[in-house]
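Every read-out reported here was derived from the displayed coordinates using simple, explicitly stated rules and does not represent laboratory data. Since this is a predicted model, take the numbers as computed values, not measurements. Reconstructed Cβ throughout: ideal geometry from the backbone, glycine too, with neighbour counts over all protein chains shown.
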Amino acid sequence: MNTEIKFEDGKLIVSRVYDAPRELVFEAWVETSKVQKWWGCAQCTSVRSEIEPKVGGQYNHHMTIEGVGEVPGMATLVEYDPPSRLAYESSLPNDPNVKMVVAVDFSEVADGTLVRLEHSGIPDIRVEGDIELTEIIRAGWTAAFQKLDTFLQSEVGA
């Protein structure tokens with residue numbers, strides 16, 4: 001299945017069905033050794049994660065991006081309900097006043113597990129020259145959801 005992406009009410013919504021059990025898909029989001037195998041944009045060459053799977057825990061993913069270097073990703077889990085939902089709050093590395101929330105729901109469906117991500121609070125700014133931040137985030141989640149599919153296929157087939 002392809003990844004579906006849309007903007008709705010100021011939120012980026014990403015969804016995809018994975019041919020894997022819900023518990024396995026949820027674990028791929030909260031177990032450091034698994035997250036590091038799929039997290040990040042297409043240009044991400046490695047990820048260093050720190051995850052404390054509990055409300056108030058760290059949910060940090062520092063990506064090394066080709067041609068850019070390490071990009072810090074610091075967040076705090078604000079919801080944690082395994083294997084159904086997790087949500088985290090983060091800010092921009094250069095502006096701690098900007099608060100974004102990413103909420104991810106995991107639902108059992110006939111074909112496996114539906115993952116629905118809602119990314120809210122994305123500021124209307126341009127970065128890296130004249131690129132809208134929403135486009136960078138959209139591209140990042142598109143690549144990450146594809147990488148997650150590849151990772152889950154290897155886990156299910158193992």
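Could you tell me the calculated FRET efficiency between Val78 and Gln36, based on Cβ-Cβ distance and R0 = 35 angstrom, to the nearest 0.05?
On the way: r = 22 Å, r/R0 = 0.63.
Efficiency for this residue pair is about 0.95.
Run the simple label-point estimate for Lys54 and Ile5 please: 7 Å along Cα→C-beta, distance reported in nm.
Rounded to a tenth, the inter-label distance reads 3.5 nm.
With each label point set 7 Å from Cα along the Cα-Cβ vector, what nm distance links Val127 and Thr150?
Distance between the two pseudo-spin positions: 2.3 nm.
Just the number: Rg to Rh for the stretch 4-157, Cα atoms, Kirkwood Rh, two decimals. Present the calculation step by step, with values, prior to reporting the outcome.
Working: Rg = 14.8 Å, Rh = 15.8 Å.
Here the Rg-to-Rh quotient is 0.94.
Pairs to check: Lys34/Lys54; Lys11/Lys99; Lys37/Lys147. Give those whose C-alpha atoms are more than 20 Å from each other in this structure. Kindly include the intermediate steps, with their values, before the conclusion.
On the way: Lys34/Lys54 17 Å; Lys11/Lys99 13 Å; Lys37/Lys147 8 Å.
Violating the 20 Å Cα-Cα cut-off are zero pairs.
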